[in-house]
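I have placed the structure first, in the form of structure tokens, so that the comments after it can refer back to it.
The values are calculated or read from the model by the stated rules, or taken from the named source; none is laboratory data. Bear in mind the structure is a predicted one, so any value in this text is a computation, not a measurement. Cβ placement follows ideal geometry from the backbone for every residue including glycine, while neighbour counts extend to all protein chains displayed.
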Amino acid sequence: MDSNLYQKINNLYEENPLLQDFNGYILIKEDDHILFQQNFGYSDYVQKKIADENTIYCLGSITKQFTALCVLQLSSLSLLYLIMQWDGIFMIIKYFMAAIHLVLAQG
């Protein structure tokens with residue numbers, strides 16, 4: 001791991017009160033090299049149990065927003081088009097013919 005990056009992220013977390021409410025795991029990777037990985041916050045806020053590498057986080061519906069953001073960024077770079085069919089991207093989804101923009105609208 002990159003010790004300089006590790007120190008910067010930890011300092012940012014410790015110095016910013018808004019970030020101290022974050023409970024989760026951060027992994028930064030470049031190719032096959034892990035630059036940073038660490039848990040932050042609690043796995044059980046009520047019991048003040050610190051998160052560790054075995055913590056299972058409930059992602060809920062927030063993954064939809066991240067997916068939509070990634071899709072829109074790829075679209076802005078002309079690497080993906082909102083009118084594309086999903087089956088043109090994911091060959092394993094043979095019978096799912098909705099266009100990407102229709103799927104994003106379901107959020």
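With in a loop (DSSP other than H, G, I, E, B) and modelled with pLDDT of 70 or more as the only criterion, which of 80, 59 stands out? Result: 80 is the single residue among 80, 59 that is in a loop (DSSP other than H, G, I, E, B) and modelled with pLDDT of 70 or more.
Residue-level analysis places residue 34 among those that are of a type in the set (A, V, I, L, M) and in contact (Cβ under 8 Å) with a residue 24 or more places away in the chain.
Yes or no, residue by residue, for (1) more than 22 Å from residue 9 (Cα to Cα); (2) modelled with pLDDT of 85 or more; (3) exposed (fewer than 10 other Cβ atoms within 10 Å of the Cβ):
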{"residue": "35", "(1), (2), (3)": "no, yes, no"}
{"residue": "50", "(1), (2), (3)": "no, yes, no"}
{"residue": "54", "(1), (2), (3)": "no, yes, yes"}
{"residue": "70", "(1), (2), (3)": "yes, no, no"}
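Against the conditions (1) surrounded by 11 or more Cβ atoms within 10 Å (Cβ to Cβ); (2) under 19 Å from the mean Cα position of the chain (by Cα); (3) without any contact (Cβ under 8 Å) to a residue 24 or more places away in the chain, residue 18 satisfies every one except (1).
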